[in-house]
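Working notes, structure below.
The values are calculated or read from the model by the stated rules, or taken from the named source; none is laboratory data. These numbers were taken from a predicted model, which means no experiment stands behind them. Cβ placement follows ideal geometry from the backbone for every residue including glycine, while neighbour counts extend to all protein chains displayed. These area figures cover heavy atoms from the full protein model, side chains too; ligands, DNA and RNA do not enter into them. Shrake-Rupley method; radii C 1.70, N 1.55, O 1.52, S 1.80 Å.
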Amino acid sequence: MDSVKVKRITKKVAKNIFWFFSDIFFLGLKTAGTIILIAITAGAIFACLFLFYVRNEIATGLEINPADFTMSRSSVICYIDPHTGREVEMATIQSTEFRRWVDYDEFPQHLINAVVAIEDHRFFSHQGVDWYRTAGAFMNMFLSMRDTFGGSTITQQLIKNLTNEDDVTVQRKLQEIFRALEYERQYSKEEILELYLNLVYFGHGCYGIGAAAHYYFNKEVSELTLPEAAAIISITNNPSKFSPYADREANKVRQEIVLWRMYELGYIITEHEYRQAMRAVLHFQRGIDEITEQVIYTWFEEVVMRDAVAEMVSVLGYSEQVARRRLHSGGLKIIATINPEMQAIVDEIYNNPESLPEVKGSAQQLQSSIVIADPYSGEILALSGGVGRKTRNLPLNRATQSRRPPGSAIKPISAYALALDLGILTPETTYNDAANIELSGTTWMPRNANRRYSGVVTVRAALRASINTVAAMVIDQLTPTSSFLFMRDTLGFNLDPADEDYAPLAAGQLTWGASTREMTSAYTMFPNAGVRVELRSFSMIYDHNGDVLLDNTQPKDFYAISEVSAFWMTDMLRDAVVSGTGGSANLGSRMPTAGKTGTSTDSKDRWFIGFTPYYIAAVWTGYDTPAQMTSTGNPAAQIWKMVMAPIHESLDTKYFSRPDNVDLPPVTSPWELEQTTYTVRGVDILGNLLFEYTEETTIGAEVTANAPFIEGFRLLGQQLGALQVTADENRNLILFLYEPDIPEETPEPPPTPTPTPTPTPTPTPPLPPDPPPPDP
C-alpha cells in the first residue's frame, strides 16, 4: 500500500515537474519568438530607413552623359535687346585649356592594358565596384584608423573627376559606390574608359590622353609605343611628382612599376618584350600648340563665364573641370543680364583714364571698379573690373575678385540697419560723440576722421557726417557677434573669424576686405523693402539641343530687415547724399539719391555705394598696391555720378517706396541733445562789423541763415549760409562778407557848343495846281 502511494506521489511530482519545465520552455519560445519578431520588425524599419536614406541622400543620380564631352561645339553668350526683345550674340567662348578628344577606337591596346593594370585590374569583370578592394579598404580604415579608403575603381575615379567630390567620409564613399553601380548600368566599359582617359589630368595644363601624348611625345595617341604609354599612364597617380619634366627619374621608376604589373597580369606576353620595354630610351618632346587668334573678352563676359561654371558646379553637381569643359565645348547658350546701353556709358568712362577725377599719392595708375544692378531682381546690368582698355583674358577683376576694406561704407549694413531693426535705436536716438566714452566689451575706441567731437548727436546726424564713435557704440549695443553673424549669414559676406570684433565691424577694416559685388548686393536691402538680393550675371543656360540646362531667372532673396527699417535707413542715406559726405553723388531734386561713402585707413581705399528708385551701384577707387590718396572730394562718389547721371537722364522722376505705417517705437537714450548757440555775422572786406546776432539750438543741428540787405553794401558769395552746429561755440559761425556798393560816377556831358546864327531862308512860292483832267 505504501509503495503504491509512493508511486502515485512520484508520478504526480514528475508530472508537475514536466509541466513546469514545459511552461518554462514554451515561455522561452514565446519570448525568443517575440524578440526575433521585434528584431525582424526593427531590422525591416531600419532597412527601410536606410534604403530611404540611400535613395535620397546617397544614391543621387549623376546627370552626366559621356556624349556631352565628345562634341566640340562653341558656346555663346547672348543678351536680350531691351528695345526689340530679341537675342543678340555678345561673344563666342574659346577654350583656355589644352584638350584633344580621342575616341576609344584610337586607343592602342597596350595603352588600355597599362591603365587597367595599374589602376583597376578587375575593371572588365566588376560592375563598377571592386568589392574585394572595397572590403579591404574599409577594414584598413577601421582596424588601422587611417583616414583614407582607397580601393577606387576606374569608374569610381571617373565619378570623382566628374563631381570633384573627394572628401574622406563614409557618406561620400557610399555615394561614390552607388553612383558607380548606377553609371555602369547606363554606360558600357568602353564609354567609361574613353571618358576617363579624356578627362584625367596629366599635368602642365594637359587634360586627357590626347593632350598628354601631344605634350610629352608630340605624337597622336594611336602612335604611342608600349614604353611611352606606360610612362604617360604613370603620370596620373601624381602629376606634379611623376611628370618627366618635373622628375625624369621618378617617372622612370613609376613606369617600371606599370610595366611589371602588365607583365604580371599577362598583358605583356613574353619576358623578352617586357625587358625590351624596360630598357627602351624615351625621347620626350613637347608638341607645338595650335595657334589660334585669341579673343579678348570683356569684364562682363568673363564674369558670366565664371558664374556659369560656379552655378553648374553648385546646382548640377559637376566638378569644376567638367563645368569648364561644357562651357568651352558643349555648345551652350548663356543669356546674360547686361544692359548694353549702360555698359557703353561705363566703358566710355573706364576705358579712358583721363576722364577720372584727379587723384594724387602714387605714380601708379588710379584704379576703380563698378557694379550696376537692378536692386529688385539682382540682375547685374553693367560693370567694369578696372581702368583702361582690357588687353588680356582673365586678369584680376577688381569688381568681383578684388577685396578691399570698405571703411565707413560698412556702417549702414553692420551697425545701423540691424540696430534699427531690433529696436535699439531710431534716426532721432542720441549718442554722445566725445573723447571720454568707453565701450563695455573693449578698451578700443575709434577717433573721428576730422579728429573732432560733436557732443550729443542724433543717429541721423552721425550717419550723415560718418561719425566713427557712434558706430562703435552701436556695435557695442548689438555685440560684435550679432553684427558678425548678420554680415556673414544674412548679407553673404566672406568674413574671417577675426572680423568678429569692434574695429572690423565699426570701422570697416575687414581682414579680407569686401568686393564691389558684395557691397552692391548688401545695399539692395534698402531700396528692396528690407530684402537682400543676390546679384546674378546670367538668367538662362541652354544646352546644344536648345533645352534648359540651368534656369537662373528667379531672384535669390534673403530677408534682412523689415520694410519699415529699410525705409528709415533709406531716408537717412538720402540725407548723407543731400547734405552729408556723399554730396558729390547727388543727382539733384529730380531723382532721389541715397548712399554712403567709405574711406579706409590712411585713405587707401575710397568707396561710394548709392542707389535711386531705379538702380543701385557701388564704386571702389584706389591703387593696386595700396597707397594713400589725396583728392578734392570723394573720387568714388564723383565717378558714381559721372556714370549714373546719364543713365537716369531720360528717366521719369520716381520716389522711394514708403510703407503705410512708418512709426517706430520710442527709444530712451541716456544722452539728451545739448543746447548751444550759433552766431550769424556780417563784416565788410576790411573786417568792420556790420551786424551780428546769436541764436540757440541743439548740438548737431543743421541751421541756415539768409544774408540781409545792407544799404550801401553788396554781398559777396551765396545768399544762404548753412552750418552743422558743434559743441564748440567758437566754431558755430555763419559769416557773410560784404563790400561797399559805390555807385559808378556818371561822366559829365561835353560842353554844348554856341550855335552859329543861320540865315532865314526865303520861302519858296507854292506850285500852281494841277490842270483839271480833260473831258471825256
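What the table shows:
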| read-out | value |
| --- | --- |
| Loop-resident sites, the stretch 464-559, for GluC sites (Glu not before Pro), counting at most 13 other Cβ within 10 Å (DSSP) | 534 |
| Phi to ³J(HN,Hα) by Karplus 6.51 cos²θ - 1.76 cosθ + 1.60 over the stretch 678-692, Hz, x for Gly, Pro | 9, 10, 10, 9, x, 9, 8, 5, 9, x, 6, 6, 9, 7, 6 |
| Quarter of Cα convex hull surface for the stretch 409-530, i.e. mean projection, nm² | 7.2 |
| In the stretch 413-520, the trypsin sites (Lys or Arg not before Pro) that fall in loop regions by DSSP, at most 12 other Cβ within 10 Å | 447, 451 |
| For the stretch 381-480, alpha-carbon Rg over 2.2 N^0.38 Å | 1.41 |
| Contact order normalised by residue count of the stretch 508-621, Cα under 8 Å, 6+ apart, percent | 22 |
| Under-5 Å amide H pairs with residue 433, H placed in peptide plane, nonlocal only | 454, 455, 456, 457 |
| Debye log10 I(q)/I(0) for the stretch 563-691, one point scatterer per Cα, at q = 0.12, 0.14, 0.15, 0.16 Å⁻¹ | -0.68, -0.82, -0.87, -0.91 |
| Accessible area, probe 1.4 Å, largest first, for residues 325, 403 | 403, 325 |
| Across 333/641; 596/641; 160/189, pairs whose alpha-carbon gap is larger than 24 Å | 333/641 |
| Gain upon complete extension [residue 223, residue 706; 0.36 nm per residue less C-alpha separation] | 164.7 nm |
| Tail beyond 19 Å, pair distance distribution of the stretch 510-617 (Cα, percent) | 54 |
| Rounded to whole Å, sorted largest first: equivalent-ellipsoid semi-axes of the stretch 190-247, Cα gyration tensor | 16, 14, 10 |
| Global form of the stretch 176-326, assessed from the alpha-carbon gyration tensor, a/c cut-off 1.5 | oblate |
| Backbone N within the stretch 305-338 under 16 Å of label point (7 Å from residue 545 Cα along the Cβ vector) | 330-333 |
